[in-house]
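Novice: Here you go, one structure.
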Amino acid sequence: MSFLKSKQQLLFLLFGLAVILIVANILLKYFLERNSFPEKFESQSNYVNEKFLNTVRSFGLEEEWIKKSTQADMGSEFTAYKILVPADLTIPEILKDIFTIFRKDSIDINSVEKKAGGKSILTLSLNKRFFLRAEFDYSKQLFRNKGEIAFILDDAEIDNIEDSLLIESSEKFSLLLTPSDDNLKFLHYIKENRKEIFVLLNDDISEQKYRLNISYSDDRIKKALKSIIADYESASFFVFDDVSDLYKSAKADIVRQGLQKRSISLHSLSEFRNLIDDENSTEEKFSQEMKSLNSESKKIFLLDKDLYQKLLPEIILLKKTGVKVKSPALLLN
């Protein structure tokens with residue numbers, strides 16, 4: 001009996017010791033966290049402020065539109081911002097990105113619209129202690145003027161499901177089409193999806209009734225041109241391939257005069273920044289073109305659909321910063 005009693009006492013002793021160790025560990029952790037909280041909060045505050053500013057700046061806001069100061073609340077200091085939002089941007093667009101960028105962080109995000117369609121207050125905090133407070137307000141005098149760009153796709157296969165989905169998207173671009181009966185069938189579909197049509201004129205047209213062969217008589221060239229004009233009357237512009245034999249021949253004047261007679265705009269292919277068959281990396285060339293973009297820039301790019309889809313993420317970021325993506329016709333007028 002004494003052996004069993006000793007064994008029970010030992011178990012009680014070990015159990016009591018385990019409880020003491022658990023409680024001691026909890027208390028130690030509590031005191032360590034409590035003592036290090038100010039340092040942790042300051043570090044987290046720097047992280048939150050940097051992340052917030054990077055998000056705001058990604059919209060192409062000028063530094064002078066972001067005013068920074070220090071305020072106090074409940075005995076602690078925090079950063080306060082007054083941000084002027086240009087007329088071509090909305091406060092909800094900025095707030096949406098801020099909520100998205102902090103969605104995985106364990107902080108409290110609160111925004112209040114002080115005026116319908118106007119001033120908004122955003123706070124980022126933890127346990128009722130502010131990391132920052134930001135006041136967003138519109139300024140009708142401010143605009144982001146980063147330049148204008150446009151895109152013309154030259155190889156879309158309209159009866160291809162992937163290409164048709166691209167045409168049906170809300171992205172702004174135009175299509176460069178070679179006259180043919182196949183393309184003719186889709187003109188209404190293209191216009192229905194708010195895409196402009198550019199008609200390419202050269203001596204590579206295979207369709208007999210549209211062919212502009214330099215060996216043809218003047219009358220035959222005029223007849224072919226008349227068919228193109230009649231069938232593609234919904235086109236925004238006609239584009240002359242200025243490296244083609246047709247462009248370099250005497251027959252080119254017949255084409256120019258035929259279009260001029262009907263008050264139809266004619267442009268040269270070389271007017272556009274060609275990203276097709278470039279010796280250098282086409283993506284790199286596009287990035288270089290964007291680096292030289294300024295408030296006076298108006299650049300129209302000619303590219304294939306594959307490159308356009310590769311560039312779409314970059315194009316979306318450019319639009320976010322204030323670069324205007326427009327239809328080519330608007331930049332040519």
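Novice: Out of everything in the range 96-129 that is under 23 Å from the mean Cα position of the chain (by Cα) and open to solvent by less than 20 Å² (accessible area, probe 1.4 Å), what residue ends up being nearest to VAL48 (Cα to Cα)?
Specialist: So the residue we want is PHE102.
Novice: Shifting gears a bit: Could you please give the count of residues in the range 216-244 that are touching a helix residue (DSSP H, G or I) at 6+ places or on another chain (Cβ under 9 Å) and more than 22 Å from LEU184 (Cα to Cα)?
Specialist: Going through the range 216-244 one residue at a time, the tally reaches 5.
Novice: Is there a residue in the range 61-70 that is surrounded by 13 or more Cβ atoms within 10 Å (Cβ to Cβ) and in contact with a Leu (Cβ under 7 Å, 6 or more places away or on another chain)?
Specialist: Among the residues of the range 61-70, at least one is surrounded by 13 or more Cβ atoms within 10 Å (Cβ to Cβ) and in contact with a Leu (Cβ under 7 Å, 6 or more places away or on another chain), which makes the answer yes.
Novice: If you don't mind, another one. Give the range 298-308 a look and list any residue that's within 21 Å of ASN160 (Cβ to Cβ), surrounded by 14 or more Cβ atoms within 10 Å (Cβ to Cβ) and not basic (Lys, Arg), or say none.
Specialist: LEU302, LEU303, ASP304, LEU307, TYR308
Novice: Enumerate the helices (runs of 4 or more DSSP H) found wholly within the range 117-200, keeping only those where 3 or more residues are at pLDDT 90 or above.
Specialist: Filter on the range 117-200 gives 181-184, 187-192.
Novice: Name the residue that is farthest from the chain's Cα centre (by Cα), counting only residues in the range 237-259 that are open to solvent by 40 Å² or more (accessible area, probe 1.4 Å) and more than 17 Å from SER217 (Cβ to Cβ).
Specialist: It comes out as LYS248.
Novice: Only one residue in ALA250, ALA230 is among the small types (Gly, Ala, Ser), free of Cβ contacts under 8 Å to residues at least 40 places away in the same chain and within 18 Å of ASP181 (Cα to Cα). Which one?
Specialist: Selected residue: ALA230, the only one of ALA250, ALA230 that is among the small types (Gly, Ala, Ser), free of Cβ contacts under 8 Å to residues at least 40 places away in the same chain and within 18 Å of ASP181 (Cα to Cα).
Novice: So, one more: Does any residue of the range 267-287 turn out to be open to solvent by 40 Å² or more (accessible area, probe 1.4 Å), over 29 Å from SER58 (Cβ atoms), out of contact with any Leu (no Cβ under 7 Å at 6 or more places or on another chain) and at pLDDT 90 or above?
Specialist: yes
Novice: I'm checking my understanding of the structure. Among residues of the range 313-333 that are within 24 Å of LYS191 (Cα to Cα) and open to solvent by 30 Å² or more (accessible area, probe 1.4 Å), which one is nearest to the chain's Cα centre (by Cα)?
Specialist: Out of the qualifying residues, it is ILE316.
Novice: Being farther than 26 Å from ARG273 by Cβ, touching a residue at least 60 places away in the same chain (Cβ under 8 Å) and aliphatic (A, V, I, L, M) is the filter; apply it to the range 130-168 and report the residue that is most open to solvent (accessible area, probe 1.4 Å).
Specialist: That would be LEU142.
Novice: Follow-up. Starting from the range 87-116, take each residue that is of a type outside the set (S, T, N, Q) and list its partners that are assigned to a helix (DSSP H, G or I) and open to solvent by less than 50 Å² (accessible area, probe 1.4 Å), counting only C-beta distances under 6 angstrom and pairs at least six apart or across chains.
Specialist: ASP97/THR55; ILE98/THR55; ILE101/THR55
Novice: Let me ask you something else. Being touching a helix residue (DSSP H, G or I) at 6+ places or on another chain (Cβ under 9 Å), over 22 Å from ARG129 (Cα atoms) and at pLDDT 90 or above narrows it down to one of ILE109, ILE94, ILE83, ILE101, so name that one.
Specialist: ILE94
Novice: In addition: Which condition number does SER295 fail, the rest of (1) among the hydroxyl-bearing types (Ser, Thr, Tyr); (2) assigned to a helix (DSSP H, G or I); (3) open to solvent by 50 Å² or more (accessible area, probe 1.4 Å) being met?
Specialist: (2)
The values are calculated or read from the model by the stated rules, or taken from the named source; none is laboratory data. Quick caveat, the model's predicted, so the values are computed rather than measured. When we count neighbours, we look across all protein chains shown, and the Cβ atoms used for this are built from the backbone with ideal geometry, even at glycine. These accessible areas exclude ligands, DNA and RNA; they are computed on the full protein's heavy atoms, side chains included. Shrake-Rupley method; radii C 1.70, N 1.55, O 1.52, S 1.80 Å.
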